[in-house]
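Trainee: Questions regarding the structure given below will be posed in turn.
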Amino acid sequence: MSDTNVPGEPSEASWPEYLSGGSSGHGGHSQGSQAEGSQAEGSQAEGPAAPRRVIGTPPPAAARTMLPAAEGDGGKALARELPAEPDDPARAKKAERLVAACFLLAMLAGLGFLVAYSIIGVGSITSVLHSNLALGGTLSLVFLLLGVGTVIWVRHLMPNVELTEQRHPMRSEPADRAAFKQTFTEGAEASQFVKRPLVRRSLIAATVPLALAPLFLLRDLGPLPALSLDRTVWRKGLRLIVYGTGRPITAAEFSSPGSIISVGPEGYLDNDNDMAKAAVIIIKFRPGQLRFTTANHAVPDKVVENWTIDNIVAYSKICTHLGCPAALYEQTTHHILCPCHQSTFDATQGAKVIFGPATRPLPQLPIGVDSDGFLVATGPFHEPVGPSFWERS
Ligand code: FES
(Lines give C-alpha, C1' and ligand atoms only; values in the text may rest on other atoms or scores of the structure.)
Protein backbone atom coordinates (compact mmCIF):
# COMPACT_ATOMS: atom_id res chain seq x y z
CA MET A 1 0.00 0.00 0.00
CA SER A 2 1.20 3.46 -0.78
CA ASP A 3 2.47 5.43 2.19
CA THR A 4 0.17 8.29 1.30
CA ASN A 5 -3.00 6.23 1.31
CA VAL A 6 -5.59 6.58 4.02
CA PRO A 7 -6.76 3.11 5.11
CA GLY A 8 -9.99 2.23 3.36
CA GLU A 9 -9.58 5.15 0.90
CA PRO A 10 -7.53 3.84 -2.00
CA SER A 11 -6.10 6.40 -4.34
CA GLU A 12 -7.53 6.89 -7.80
CA ALA A 13 -4.49 5.15 -9.16
CA SER A 14 -5.53 1.97 -7.39
CA TRP A 15 -8.81 1.39 -9.25
CA PRO A 16 -8.68 -1.39 -11.75
CA GLU A 17 -8.83 -0.42 -15.33
CA TYR A 18 -12.43 -1.35 -15.85
CA LEU A 19 -13.45 1.14 -13.15
CA SER A 20 -11.13 3.94 -14.12
CA GLY A 21 -12.07 3.66 -17.78
CA GLY A 22 -8.62 2.79 -19.11
CA SER A 23 -9.58 -0.69 -20.29
CA SER A 24 -10.53 -1.27 -23.84
CA GLY A 25 -13.70 -3.11 -24.72
CA HIS A 26 -15.86 -1.53 -21.98
CA GLY A 27 -17.23 1.52 -23.60
CA GLY A 28 -19.70 2.21 -20.85
CA HIS A 29 -16.90 2.68 -18.38
CA SER A 30 -14.41 4.49 -20.53
CA GLN A 31 -16.42 7.56 -21.36
CA GLY A 32 -15.38 10.70 -19.58
CA SER A 33 -12.62 8.94 -17.75
CA GLN A 34 -9.60 9.73 -19.77
CA ALA A 35 -8.55 12.56 -17.49
CA GLU A 36 -8.81 10.27 -14.51
CA GLY A 37 -6.90 7.62 -16.40
CA SER A 38 -4.01 9.98 -17.05
CA GLN A 39 -4.11 11.08 -13.43
CA ALA A 40 -3.92 7.44 -12.41
CA GLU A 41 -0.92 6.90 -14.62
CA GLY A 42 0.76 9.84 -12.98
CA SER A 43 0.06 8.49 -9.51
CA GLN A 44 1.35 5.04 -10.41
CA ALA A 45 4.57 6.53 -11.55
CA GLU A 46 5.13 8.03 -8.09
CA GLY A 47 5.02 4.87 -6.02
CA PRO A 48 3.92 1.25 -5.75
CA ALA A 49 0.27 0.56 -6.55
CA ALA A 50 -2.09 0.08 -3.61
CA PRO A 51 -4.36 -2.98 -3.47
CA ARG A 52 -7.35 -2.32 -5.66
CA ARG A 53 -10.83 -2.13 -4.34
CA VAL A 54 -13.60 -3.42 -6.54
CA ILE A 55 -17.17 -2.28 -6.12
CA GLY A 56 -19.86 -4.43 -7.66
CA THR A 57 -19.41 -7.31 -10.07
CA PRO A 58 -16.39 -6.85 -12.35
CA PRO A 59 -16.98 -7.13 -16.08
CA PRO A 60 -16.02 -10.47 -17.54
CA ALA A 61 -13.28 -11.42 -19.95
CA ALA A 62 -10.74 -8.58 -19.95
CA ALA A 63 -10.70 -8.19 -16.18
CA ARG A 64 -10.83 -11.80 -15.04
CA THR A 65 -8.72 -11.05 -12.05
CA MET A 66 -9.54 -8.43 -9.44
CA LEU A 67 -5.95 -8.36 -8.20
CA PRO A 68 -3.46 -5.78 -9.44
CA ALA A 69 -0.61 -6.99 -11.56
CA ALA A 70 2.05 -8.17 -9.13
CA GLU A 71 5.36 -6.46 -9.49
CA GLY A 72 8.80 -7.51 -8.33
CA ASP A 73 11.44 -5.30 -6.84
CA GLY A 74 12.75 -4.39 -10.24
CA GLY A 75 9.34 -3.42 -11.58
CA LYS A 76 8.98 -6.71 -13.46
CA ALA A 77 5.73 -8.64 -13.24
CA LEU A 78 6.08 -11.72 -11.05
CA ALA A 79 5.26 -15.12 -12.45
CA ARG A 80 1.66 -16.18 -11.80
CA GLU A 81 1.18 -18.46 -8.85
CA LEU A 82 -2.40 -19.35 -9.68
CA PRO A 83 -3.77 -20.30 -13.06
CA ALA A 84 -6.29 -17.77 -14.35
CA GLU A 85 -8.60 -20.39 -15.90
CA PRO A 86 -9.57 -23.94 -15.00
CA ASP A 87 -7.86 -26.75 -16.89
CA ASP A 88 -11.05 -27.98 -18.50
CA PRO A 89 -13.21 -25.05 -19.67
CA ALA A 90 -16.11 -27.25 -20.74
CA ARG A 91 -16.28 -28.92 -17.36
CA ALA A 92 -15.90 -25.57 -15.64
CA LYS A 93 -18.85 -24.18 -17.63
CA LYS A 94 -20.99 -27.06 -16.49
CA ALA A 95 -19.89 -26.54 -12.90
CA GLU A 96 -20.63 -22.85 -13.20
CA ARG A 97 -24.22 -23.60 -14.19
CA LEU A 98 -24.58 -26.04 -11.34
CA VAL A 99 -23.27 -23.52 -8.85
CA ALA A 100 -25.60 -20.86 -10.18
CA ALA A 101 -28.54 -23.28 -9.99
CA CYS A 102 -27.75 -24.07 -6.36
CA PHE A 103 -27.48 -20.42 -5.46
CA LEU A 104 -30.70 -19.53 -7.25
CA LEU A 105 -32.54 -22.38 -5.54
CA ALA A 106 -31.09 -21.16 -2.24
CA MET A 107 -32.50 -17.74 -3.02
CA LEU A 108 -35.92 -19.24 -3.69
CA ALA A 109 -35.75 -21.22 -0.46
CA GLY A 110 -34.82 -18.01 1.35
CA LEU A 111 -37.83 -16.26 -0.14
CA GLY A 112 -39.91 -19.26 0.94
CA PHE A 113 -38.64 -18.76 4.47
CA LEU A 114 -39.77 -15.13 4.43
CA VAL A 115 -43.15 -16.04 2.99
CA ALA A 116 -43.65 -18.84 5.51
CA TYR A 117 -42.77 -16.49 8.33
CA SER A 118 -45.28 -13.95 7.07
CA ILE A 119 -48.27 -16.15 6.34
CA ILE A 120 -48.15 -19.02 8.82
CA GLY A 121 -49.55 -17.92 12.14
CA VAL A 122 -48.64 -19.36 15.51
CA GLY A 123 -52.04 -19.19 17.17
CA SER A 124 -52.31 -22.90 17.96
CA ILE A 125 -50.04 -25.85 18.58
CA THR A 126 -50.77 -27.18 15.11
CA SER A 127 -49.92 -23.91 13.43
CA VAL A 128 -46.74 -23.63 15.49
CA LEU A 129 -45.79 -27.10 14.29
CA HIS A 130 -46.47 -26.11 10.70
CA SER A 131 -44.56 -22.85 11.13
CA ASN A 132 -41.55 -24.61 12.65
CA LEU A 133 -41.59 -27.18 9.89
CA ALA A 134 -41.77 -24.58 7.14
CA LEU A 135 -39.20 -22.24 8.68
CA GLY A 136 -36.80 -25.02 9.58
CA GLY A 137 -37.22 -26.73 6.23
CA THR A 138 -36.66 -23.64 4.12
CA LEU A 139 -33.77 -22.40 6.21
CA SER A 140 -32.10 -25.82 6.08
CA LEU A 141 -32.55 -25.81 2.34
CA VAL A 142 -30.92 -22.40 2.06
CA PHE A 143 -27.82 -23.51 3.93
CA LEU A 144 -27.71 -26.88 2.21
CA LEU A 145 -27.87 -25.36 -1.26
CA LEU A 146 -25.36 -22.65 -0.38
CA GLY A 147 -23.03 -25.33 0.93
CA VAL A 148 -23.45 -27.58 -2.09
CA GLY A 149 -22.96 -24.68 -4.49
CA THR A 150 -19.86 -23.55 -2.66
CA VAL A 151 -18.36 -27.01 -2.63
CA ILE A 152 -18.90 -27.40 -6.38
CA TRP A 153 -17.44 -23.94 -6.92
CA VAL A 154 -14.33 -24.69 -4.92
CA ARG A 155 -13.78 -28.16 -6.34
CA HIS A 156 -14.47 -27.52 -10.01
CA LEU A 157 -13.83 -23.85 -10.66
CA MET A 158 -11.00 -22.90 -8.36
CA PRO A 159 -7.46 -24.16 -9.09
CA ASN A 160 -6.29 -27.10 -7.08
CA VAL A 161 -2.86 -25.79 -6.07
CA GLU A 162 -1.02 -25.49 -2.82
CA LEU A 163 0.44 -22.11 -1.92
CA THR A 164 2.99 -21.37 0.75
CA GLU A 165 3.05 -17.99 2.39
CA GLN A 166 6.42 -16.92 3.64
CA ARG A 167 6.54 -15.79 7.22
CA HIS A 168 8.05 -12.49 8.12
CA PRO A 169 9.60 -11.48 11.43
CA MET A 170 6.95 -10.35 13.91
CA ARG A 171 9.32 -8.01 15.72
CA SER A 172 8.93 -4.35 14.82
CA GLU A 173 11.73 -2.37 13.30
CA PRO A 174 14.15 -0.76 15.82
CA ALA A 175 13.02 2.70 14.71
CA ASP A 176 9.37 1.81 15.37
CA ARG A 177 10.23 0.38 18.75
CA ALA A 178 12.21 3.47 19.70
CA ALA A 179 9.36 5.71 18.53
CA PHE A 180 6.85 3.74 20.58
CA LYS A 181 9.06 3.89 23.64
CA GLN A 182 9.47 7.63 23.29
CA THR A 183 5.74 8.15 22.77
CA PHE A 184 4.92 6.02 25.78
CA THR A 185 7.42 7.76 28.01
CA GLU A 186 6.31 11.20 26.94
CA GLY A 187 2.67 10.22 27.40
CA ALA A 188 3.33 8.92 30.90
CA GLU A 189 5.09 12.14 31.82
CA ALA A 190 2.45 14.33 30.24
CA SER A 191 -0.34 12.49 32.03
CA GLN A 192 1.26 13.47 35.39
CA PHE A 193 0.48 9.96 36.63
CA VAL A 194 4.04 9.50 37.88
CA LYS A 195 4.68 13.03 39.09
CA ARG A 196 1.50 13.42 41.10
CA PRO A 197 1.32 10.62 43.68
CA LEU A 198 -1.83 12.09 45.22
CA VAL A 199 -3.79 11.53 42.00
CA ARG A 200 -2.19 8.14 41.40
CA ARG A 201 -2.86 6.80 44.88
CA SER A 202 -6.39 8.14 45.09
CA LEU A 203 -7.15 6.49 41.73
CA ILE A 204 -5.82 3.16 42.97
CA ALA A 205 -7.85 3.55 46.17
CA ALA A 206 -10.96 4.27 44.10
CA THR A 207 -10.60 1.02 42.16
CA VAL A 208 -9.97 -1.27 45.14
CA PRO A 209 -13.67 -1.57 46.09
CA LEU A 210 -14.47 -2.43 42.50
CA ALA A 211 -11.90 -5.21 42.58
CA LEU A 212 -13.43 -6.59 45.76
CA ALA A 213 -17.01 -6.32 44.52
CA PRO A 214 -17.09 -9.80 42.91
CA LEU A 215 -16.27 -11.38 46.26
CA PHE A 216 -19.33 -9.75 47.81
CA LEU A 217 -21.49 -10.71 44.85
CA LEU A 218 -20.69 -14.36 45.60
CA ARG A 219 -23.17 -14.04 48.44
CA ASP A 220 -25.91 -14.01 45.83
CA LEU A 221 -25.15 -17.66 45.16
CA GLY A 222 -26.85 -18.41 48.45
CA PRO A 223 -25.67 -19.95 51.70
CA LEU A 224 -22.95 -22.57 51.74
CA PRO A 225 -24.38 -26.07 51.58
CA ALA A 226 -22.49 -27.21 54.68
CA LEU A 227 -23.47 -30.85 55.33
CA SER A 228 -26.85 -30.63 53.63
CA LEU A 229 -25.51 -32.40 50.55
CA ASP A 230 -24.22 -35.30 52.63
CA ARG A 231 -27.54 -36.14 54.22
CA THR A 232 -31.06 -36.93 53.13
CA VAL A 233 -34.29 -36.84 55.07
CA TRP A 234 -34.39 -40.62 55.36
CA ARG A 235 -34.38 -41.79 58.95
CA LYS A 236 -35.54 -44.77 60.93
CA GLY A 237 -39.29 -45.37 60.75
CA LEU A 238 -40.10 -43.29 57.65
CA ARG A 239 -42.41 -45.23 55.36
CA LEU A 240 -41.62 -45.76 51.71
CA ILE A 241 -44.33 -43.99 49.70
CA VAL A 242 -44.94 -45.05 46.12
CA TYR A 243 -44.67 -42.33 43.47
CA GLY A 244 -47.94 -41.85 41.68
CA THR A 245 -50.26 -43.49 44.21
CA GLY A 246 -48.87 -41.60 47.20
CA ARG A 247 -49.50 -44.66 49.36
CA PRO A 248 -47.21 -46.83 51.49
CA ILE A 249 -46.59 -50.36 50.32
CA THR A 250 -46.27 -53.63 52.16
CA ALA A 251 -43.68 -56.28 51.41
CA ALA A 252 -46.50 -58.64 50.52
CA GLU A 253 -47.87 -56.24 47.91
CA PHE A 254 -44.44 -55.95 46.32
CA SER A 255 -44.09 -59.63 45.69
CA SER A 256 -43.37 -60.13 42.04
CA PRO A 257 -39.63 -60.72 41.37
CA GLY A 258 -38.08 -58.37 38.84
CA SER A 259 -40.38 -55.50 39.76
CA ILE A 260 -39.02 -52.03 40.40
CA ILE A 261 -40.84 -49.09 42.01
CA SER A 262 -39.80 -45.51 42.68
CA VAL A 263 -40.54 -44.42 46.22
CA GLY A 264 -39.95 -41.44 48.47
CA PRO A 265 -40.00 -40.77 52.20
CA GLU A 266 -43.39 -40.28 53.81
CA GLY A 267 -44.21 -36.59 54.18
CA TYR A 268 -41.59 -35.36 51.74
CA LEU A 269 -42.95 -36.34 48.35
CA ASP A 270 -44.03 -32.78 47.59
CA ASN A 271 -40.77 -31.21 48.71
CA ASP A 272 -38.64 -30.94 45.61
CA ASN A 273 -35.52 -29.90 47.51
CA ASP A 274 -35.62 -32.92 49.76
CA MET A 275 -36.74 -35.29 47.04
CA ALA A 276 -33.80 -34.21 44.86
CA LYS A 277 -31.66 -36.32 47.17
CA ALA A 278 -34.11 -38.75 48.74
CA ALA A 279 -35.58 -40.49 45.69
CA VAL A 280 -35.20 -44.25 46.01
CA ILE A 281 -35.92 -47.33 43.90
CA ILE A 282 -36.90 -50.67 45.39
CA ILE A 283 -36.41 -53.90 43.49
CA LYS A 284 -37.77 -57.35 44.27
CA PHE A 285 -35.56 -60.38 43.66
CA ARG A 286 -35.98 -64.14 43.79
CA PRO A 287 -34.30 -65.92 46.67
CA GLY A 288 -30.63 -66.53 45.94
CA GLN A 289 -30.25 -63.78 43.33
CA LEU A 290 -28.77 -61.17 45.65
CA ARG A 291 -25.13 -61.42 46.70
CA PHE A 292 -25.32 -60.73 50.39
CA THR A 293 -22.86 -59.65 53.00
CA THR A 294 -23.71 -60.04 56.64
CA ALA A 295 -21.68 -56.97 57.54
CA ASN A 296 -23.65 -54.04 58.87
CA HIS A 297 -22.04 -51.51 56.60
CA ALA A 298 -21.58 -51.01 52.88
CA VAL A 299 -19.28 -53.61 51.33
CA PRO A 300 -18.04 -53.44 47.74
CA ASP A 301 -19.94 -55.71 45.33
CA LYS A 302 -22.35 -56.90 48.01
CA VAL A 303 -25.88 -56.21 49.24
CA VAL A 304 -26.09 -55.70 52.98
CA GLU A 305 -28.49 -58.43 54.02
CA ASN A 306 -29.69 -56.67 57.16
CA TRP A 307 -30.77 -53.72 55.04
CA THR A 308 -33.17 -55.80 52.92
CA ILE A 309 -36.50 -57.43 53.61
CA ASP A 310 -37.91 -60.44 51.75
CA ASN A 311 -35.31 -60.00 48.97
CA ILE A 312 -36.42 -56.42 48.45
CA VAL A 313 -33.51 -54.03 48.18
CA ALA A 314 -33.63 -50.23 48.11
CA TYR A 315 -31.07 -48.07 46.32
CA SER A 316 -30.70 -44.34 45.88
CA LYS A 317 -32.20 -43.28 42.57
CA ILE A 318 -29.67 -40.45 42.18
CA CYS A 319 -26.88 -41.44 39.81
CA THR A 320 -23.46 -41.19 41.40
CA HIS A 321 -22.06 -39.69 38.23
CA LEU A 322 -23.85 -36.38 37.79
CA GLY A 323 -27.12 -36.92 39.63
CA CYS A 324 -29.59 -37.96 36.94
CA PRO A 325 -32.40 -40.28 38.02
CA ALA A 326 -31.16 -43.82 37.42
CA ALA A 327 -34.33 -45.83 37.16
CA LEU A 328 -34.16 -47.81 33.93
CA TYR A 329 -34.08 -51.47 34.88
CA GLU A 330 -33.19 -54.51 32.81
CA GLN A 331 -35.09 -57.31 34.46
CA THR A 332 -33.11 -60.17 32.91
CA THR A 333 -29.64 -58.80 33.67
CA HIS A 334 -30.62 -56.96 36.89
CA HIS A 335 -28.90 -53.87 35.57
CA ILE A 336 -29.94 -50.37 36.63
CA LEU A 337 -29.22 -47.89 33.84
CA CYS A 338 -28.77 -44.16 34.03
CA PRO A 339 -30.08 -42.63 30.80
CA CYS A 340 -27.84 -39.57 30.94
CA HIS A 341 -24.42 -41.10 30.27
CA GLN A 342 -25.20 -44.80 30.37
CA SER A 343 -23.72 -45.64 33.73
CA THR A 344 -24.84 -49.17 34.56
CA PHE A 345 -25.14 -50.66 38.03
CA ASP A 346 -25.58 -54.33 38.99
CA ALA A 347 -28.49 -54.45 41.42
CA THR A 348 -27.58 -57.94 42.68
CA GLN A 349 -24.11 -56.81 43.72
CA GLY A 350 -24.77 -53.76 45.81
CA ALA A 351 -25.40 -51.64 42.68
CA LYS A 352 -21.74 -51.69 41.82
CA VAL A 353 -20.72 -49.87 38.64
CA ILE A 354 -20.22 -52.22 35.72
CA PHE A 355 -20.19 -49.63 32.93
CA GLY A 356 -20.08 -45.90 32.36
CA PRO A 357 -18.57 -42.85 33.99
CA ALA A 358 -19.98 -43.33 37.51
CA THR A 359 -17.25 -44.26 39.95
CA ARG A 360 -19.14 -45.65 42.93
CA PRO A 361 -22.23 -47.77 43.59
CA LEU A 362 -25.70 -46.40 44.22
CA PRO A 363 -25.96 -46.19 48.02
CA GLN A 364 -28.22 -48.81 49.63
CA LEU A 365 -30.99 -47.65 51.97
CA PRO A 366 -31.61 -49.90 54.97
CA ILE A 367 -35.25 -51.03 54.94
CA GLY A 368 -37.56 -53.24 56.95
CA VAL A 369 -41.26 -53.36 57.82
CA ASP A 370 -43.20 -51.63 60.55
CA SER A 371 -45.84 -53.12 62.78
CA ASP A 372 -48.44 -52.69 60.03
CA GLY A 373 -46.30 -54.51 57.49
CA PHE A 374 -45.44 -51.41 55.50
CA LEU A 375 -41.94 -50.97 54.13
CA VAL A 376 -39.99 -48.43 56.17
CA ALA A 377 -36.45 -47.15 56.37
CA THR A 378 -34.55 -48.63 59.26
CA GLY A 379 -31.98 -45.89 59.16
CA PRO A 380 -30.53 -43.16 56.95
CA PHE A 381 -28.20 -43.71 54.03
CA HIS A 382 -24.79 -44.58 55.36
CA GLU A 383 -23.00 -42.50 52.74
CA PRO A 384 -23.83 -39.42 50.68
CA VAL A 385 -26.03 -39.99 47.67
CA GLY A 386 -25.52 -38.55 44.22
CA PRO A 387 -22.37 -37.30 42.51
CA SER A 388 -19.17 -38.24 44.23
CA PHE A 389 -17.93 -34.67 44.54
CA TRP A 390 -20.59 -34.14 47.20
CA GLU A 391 -18.87 -36.77 49.24
CA ARG A 392 -15.56 -34.96 48.98
CA SER A 393 -16.96 -31.53 49.87
S1 FES B 1 -25.56 -38.80 35.44
FE2 FES B 1 -25.80 -40.91 35.34
S3 FES B 1 -24.31 -41.54 34.00
FE4 FES B 1 -24.02 -39.44 34.10
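Trainee: Can you tell me which residue in region 305-326 is farthest from residue 252 (Cα to Cα), limited to those that are of a type in the set (Val, Ile, Thr) and within 16 Å of the ligand (Cβ to nearest atom)?
Mentor: Once the filter is applied, the top-ranked residue is 320.
Trainee: Here's a follow-up. Regarding region 156-163, can at least one residue be identified that is in contact with a helix residue (DSSP H, G or I) (Cβ under 8 Å, 6 or more places away or on another chain) and either in contact (Cβ under 8 Å) with a residue 24 or more places away in the chain or under 30 Å from residue 114 (Cα atoms) (or both)?
Mentor: yes
Trainee: Still on this structure, please answer the following. Can you tell me which residues in region 306-354 are part of a loop (DSSP other than H, G, I, E, B) and crowded, with 23+ Cβ neighbours inside 10 Å?
Mentor: Of everything in region 306-354, those that are part of a loop (DSSP other than H, G, I, E, B) and crowded, with 23+ Cβ neighbours inside 10 Å turn out to be 317, 319, 320, 326, 338, 343, 350, 351.
Trainee: Also, I was wondering about something else. Looking at 199, 208, 194, which one is in contact with a helix residue (DSSP H, G or I) (Cβ under 7 Å, 6 or more places away or on another chain) and more than 30 Å from residue 94 (Cβ to Cβ)?
Mentor: 194
Trainee: Inspect region 329-344 for any residue being touching a helix residue (DSSP H, G or I) at 6+ places or on another chain (Cβ under 6 Å), touching a residue at least 12 places away in the same chain (Cβ under 8 Å) and within 16 Å of the ligand (Cβ to nearest atom) and give the result as yes or no.
Mentor: yes
Results for (1) part of a strand (DSSP E or B); (2) surrounded by 10 or more Cβ atoms within 10 Å (Cβ to Cβ); (3) in the same structural domain as residue 325 (by TED's automatic domain parsing), shown as yes or no for each residue.
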site: 208; (1), (2), (3): no, no, no
site: 211; (1), (2), (3): no, no, no
site: 223; (1), (2), (3): no, no, no
site: 228; (1), (2), (3): no, yes, no
site: 233; (1), (2), (3): no, yes, no
site: 246; (1), (2), (3): no, yes, yes
site: 255; (1), (2), (3): no, yes, yes
site: 258; (1), (2), (3): no, yes, yes
site: 262; (1), (2), (3): yes, yes, yes
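Trainee: Shifting gears a bit: Filtering region 355-389 down to residues that are within 23 Å of residue 265 (Cα to Cα), within 13 Å of the ligand (Cβ to nearest atom) and buried (at least 19 other Cβ atoms within 10 Å of the Cβ), which residue is nearest to the chain's Cα centre (by Cα)?
Mentor: If we take residues in region 355-389 being within 23 Å of residue 265 (Cα to Cα), within 13 Å of the ligand (Cβ to nearest atom) and buried (at least 19 other Cβ atoms within 10 Å of the Cβ), then 387 is nearest to the chain's Cα centre (by Cα).
Trainee: Okay, next question. Check whether at least one residue in region 111-125 is out of contact with any His (no Cβ under 9 Å at 6 or more places or on another chain), in a helix (DSSP H, G or I) and touching a residue at least 24 places away in the same chain (Cβ under 8 Å), and report yes or no.
Mentor: Taking every residue of region 111-125 in turn, at least one turns out to be out of contact with any His (no Cβ under 9 Å at 6 or more places or on another chain), in a helix (DSSP H, G or I) and touching a residue at least 24 places away in the same chain (Cβ under 8 Å).
Trainee: Restricted to region 145-187, and to residues that are in a loop (DSSP other than H, G, I, E, B) and among the basic types (Lys, Arg), which residue is surrounded by the fewest Cβ atoms within 10 Å (Cβ to Cβ)?
Mentor: 167
The values are calculated or read from the model by the stated rules, or taken from the named source; none is laboratory data. Model, not experiment: these values are computed from the prediction. Backbone-built Cβ (ideal geometry, glycine too); neighbour counts: all protein chains shown.
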